[in-house]
1. I'm told Pro409 meets every condition in (1) over 21 Å from the mean Cα position of the chain (by Cα); (2) modelled with pLDDT of 95 or more; (3) buried (at least 21 other Cβ atoms within 10 Å of the Cβ); (4) not assigned by TED's automatic domain parsing to the domain that holds Gly52 except one. Can you identify the failing condition by its number?
2. Out of Tyr21, Tyr55, I need the residue that is farther than 30 Å from Arg155 by Cβ, under 27 Å from the mean Cα position of the chain (by Cα), assigned by TED's automatic domain parsing to the domain that holds Arg406 and in contact (Cβ under 8 Å) with a residue 12 or more places away in the chain. Which one?
3. In region 362-399, what residues are of a type outside the set (A, V, I, L, M), closer than 14 Å to Leu346 by Cβ and under 18 Å from the mean Cα position of the chain (by Cα)?
4. Among Gly265, Gly246, which is the only one that is out of contact with any strand residue (DSSP E or B) (no Cβ under 8 Å at 6 or more places or on another chain), on the phi > 0 side of the Ramachandran plot, modelled with pLDDT of 95 or more and surrounded by fewer than 20 Cβ atoms within 10 Å (Cβ to Cβ)?
5. Report whether or not Tyr126 is under 22 Å from the mean Cα position of the chain (by Cα) and either without any contact (Cβ under 8 Å) to a residue 40 or more places away in the chain or within 25 Å of Pro342 (Cα to Cα) (or both).
6. Could you name every one of the helices (runs of 4 or more DSSP H) located completely within region 166-250 that has at least 3 residues being over 17 Å from Ala298 (Cβ atoms) and under 25 Å from the mean Cα position of the chain (by Cα)?
Amino acid sequence: MPTLPEKLAARIALLHASRVYKRFLRVLDDVDAVQSRTLGRVMSVVAESEFGRRYNLSAVRTPADLKQAVPLASYEDFRPYIDRLCEGDTRALFSPGQRILMFATSSGTTALPKRIPVTQAFVKDYRRGWNTFGLKMLADHPSAILRAILQSSGRYDAGTTPAGIPYGAITGLLARTQKRIVRRFYVGRPEVAHLDDPQARFYTLMRLGVTRDVAFAITANPATLIRLAQTADEKSEMLIRDVRDGTLSDRIVTDPTLRQVLSAGLKPDPARADELARLRAKQDALRPRDFWKLEFLACWTGGSMGHYLQRLAAWWGPVPVRDIGLLASEGRVSIPLEDGTPAGVLDVTSAVFEFIPAEQADEMHPETLSHRELEVGRDYAVVLTNTSGLVRYRLDDVVRVRGRLRQAPLVEFLYRAGRVASVAGEKLTEHQAVAAVKAACRDLGISEFDFVFAPRWDEPPYYRLSCAREASPALADAVDRTLAEQNEEYGSRRKSNRLGPLQIRSLPTDLINAMDRRLTAARQSTAEQYKRPCLFTSPDEADQTLAQQ
């Protein structure tokens, strides 16, 4: 039960949340001014680096100056500088005195992963966005205050660079450095992230949470919420026994030292075990909607993630869902302020933003627009400049402008620019799909063939390789394995069963050729200009284009 000091702290927190939100709204009354201040803060971090001197960033005063000084860039343009950072050469990308706390990992468009520098200034900006999001969320759901939080975060120190700097999930760093009064309400301890087996992490989180008064659960990916619930149900007998005995099963956490840390404070709770057993018998399942009084959920709901909402309700109940916003390892873009919508206000204090009209996103040198020039209902690819050292960086997430809050646009994530599919957060690119097939053919000693990839909704979702050759399990396994090796997110989601194994089927060559003819005509292009899509980004697109279910 909350203590008297905690109850007083809760009242103070609500007042603080109201003040923070009102201050944030005032910022939105003059977005040009706050973008200029943000630019100045970013330049202080990078201007005196080797990169900054190359582009004379010390002379940049306005967003217009920035556009004149620096060309648009992808991660691959920054990779040489970041490789030097990994070796310990901080001056490659940062001014003197800047310290790199870690590198946030993310899959790139090649087999090499991204390593996003995380500076103290970047953490401050990232946390500010989370605080604004979280305080508004709790102000809208005051019944959740001073109750337990089920949160899933990764390990910030999954590995180290040659210079000894950790890399991993920035969520792990934020969780470890969260204020003590907030950490008290997390059901999971930071050490949960040390469990390499995703199923062990899921079970441990549910075991630690099932005896707590959980008010809400928050993860980036809704598929994780579904797997958490499914794990508790699938292992309900073990879970109920652990609750009764006050233990954490050694079949799940095999390392005795880690198990001792994670199980510290657990006590036998026969009454709760009996209650869970009754719920399981009555409902023929053990679901969070039945054993917790949930106020809401928080996860991504935009783009293809919206597909999970119905299944979330089946496991977690018909509770409100708050989108956590468009945020990536490279930084936060939007802050949702209401339930039931993926749209959020542009986080104008965290980065300097530019936007490429979606129809120009594939161009080498497109013109960019400011926040003032965006049109409601139009789609744009995001460009950001922030304190991670990324300057005029093509994030390439495509958003749709849904309206405005004061002077700031409200944006909703749609998809990744280019051919990128993501049904469980894996962000699989067409480049990776093609490279995986080529590698599999090489490893199996077979000739390359025409093919198309497509995601398929199922429980769990998976990818299907349709190919103009005889399908074989060996080919499917080889492609699946290669995808996991070159895309960390794909590999993680396969390991945790948020993505099912790749499936394969044979297609007649004339069916693929007919698709080529239709697309050539539809795009009003010549045969020489046509490039077959090797990766479809949605199941509907695949079925409609191939004209075969």
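1. (4)
2. After ruling out the rest, the residue left standing is Tyr21.
3. Passing the criteria: only Asp397.
4. Details: Gly265 fails: modelled with pLDDT of 95 or more.
Checking each option against the conditions leaves just Gly246.
5. Numbers: under 22 Å from the mean Cα position of the chain (by Cα): yes; either without any contact (Cβ under 8 Å) to a residue 40 or more places away in the chain or within 25 Å of Pro342 (Cα to Cα) (or both): yes.
Yes, satisfied.
6. 170-176, 198-209, 222-234
Residue by residue, here is whether (1) in a loop (DSSP other than H, G, I, E, B); (2) modelled with pLDDT of 95 or more; (3) β-branched (Val, Ile, Thr) holds:
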{"residue": "Val253", "(1), (2), (3)": "yes, yes, yes"}
{"residue": "Thr257", "(1), (2), (3)": "no, yes, yes"}
{"residue": "Val261", "(1), (2), (3)": "no, yes, yes"}
{"residue": "Ala273", "(1), (2), (3)": "no, yes, no"}
{"residue": "Lys293", "(1), (2), (3)": "yes, yes, no"}
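Matching residues to (1) touching a Phe, Trp or Tyr at 6+ places or on another chain (Cβ under 7 Å); (2) surrounded by fewer than 22 Cβ atoms within 10 Å (Cβ to Cβ); (3) within 19 Å of Trp292 (Cβ to Cβ):
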{"position": "Tyr156", "(1), (2), (3)": "no, no, no"}
{"position": "Leu173", "(1), (2), (3)": "yes, no, no"}
{"position": "Pro190", "(1), (2), (3)": "no, yes, no"}
{"position": "Phe202", "(1), (2), (3)": "no, no, yes"}
{"position": "Phe216", "(1), (2), (3)": "yes, no, yes"}
{"position": "Ile240", "(1), (2), (3)": "no, yes, yes"}
{"position": "Gln260", "(1), (2), (3)": "no, yes, no"}
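The values are calculated or read from the model by the stated rules, or taken from the named source; none is laboratory data. None of the values given here were measured: they were computed from a predicted structure. Cβ coordinates were reconstructed from backbone atoms using ideal geometry, including for glycine residues, and neighbour counts include every protein chain displayed.
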